[in-house]
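Beneath this line is the structure, given in structure tokens, with notes to follow.
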Amino acid sequence: MAGTAGRIMMSAHDFAAACVHESAHALVAVATGGRLTALTVTPVPTGSHAGHVEYSTPPGITLPENEIAYAGLFAESVFDSNGGRPAHRTLLAALAANPDDRTALLDHRGTVALPREIEPVLLDLMPSVLTVAATLATARQGRLPAPHRQVAAVLGMSPTSGPLIRGSLRNSGWALRGLEAG
Ligand SMILES: [Zn+2]
């Protein structure tokens, strides 16, 4: 976006990290039953969280909002660690830079609770995250034209195969606490 007053200061690395962060939110939202309605990344003059993910929740589904939030922080941290398991301080820096995600990770006592048990799954998901991030990074106007269909395709899902995939994710150890509690 060509600004005049607000000239874009975001580095190429920060832009790529933002694409990875948003793509990870989107992938986990879709994998756990959400309906993705927007996946965008927009360079902004200030702030590190330049992207935006929107999804709706189908009837009868409770999405694991904390896991969707953590996926973005964790994937961005893996990216910043050149693909390796990130150091704790890297995760904390991502947490501090993303107050909306931090809010989604507060437990009932108001303490940040990281769902670290999903990290092995998120590491397995990184190739898919990078595939979506690369698509997002080169998308016209920083916006995927058909976000749900595109992200579902990367996951190997048809746009209507949610219940089947949710069942297999549950069996493979995904923490779908919302569904089980519902
Ligand atoms: Zn985020």
Restricting attention to the stretch 97-108, and to residues there that are modelled with pLDDT of 95 or more and either in contact with a strand residue (DSSP E or B) (Cβ under 9 Å, 6 or more places away or on another chain) or not acidic (Asp, Glu) (or both), which single residue is farthest from the ligand (Cβ to nearest atom)?
-> 106
Hey, can you tell me all the residues within the stretch 14-53 that are hydroxyl-bearing (Ser, Thr, Tyr), within 11 Å of the ligand (Cβ to nearest atom) and modelled with pLDDT of 95 or more?
-> 23
Over the stretch 68-116, the set of residues assigned to a helix (DSSP H, G or I) and over 16 Å from the mean Cα position of the chain (by Cα) is 88, 89, 90, 92, 93, 96
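What do you reckon, is residue 91 crowded, with 21+ Cβ neighbours inside 10 Å, within 16 Å of the ligand (Cβ to nearest atom), of a type outside the set (D, E, K, R) and without any contact (Cβ under 8 Å) to a residue 24 or more places away in the chain?
Yes, satisfied.
May I ask you to say which residue of 154, 121 is over 17 Å from residue 22 (Cβ atoms) and at pLDDT 90 or above? Spell out the reasoning first.
Details: 154 fails: over 17 Å from residue 22 (Cβ atoms).
Matching residue, one of 154, 121: 121.
The values are calculated or read from the model by the stated rules, or taken from the named source; none is laboratory data. If you're wondering where the values come from, they're calculated on a predicted model, not measured in any experiment. Positions of Cβ are backbone-derived with ideal geometry, glycine not excepted, and every protein chain shown enters the neighbour counts.
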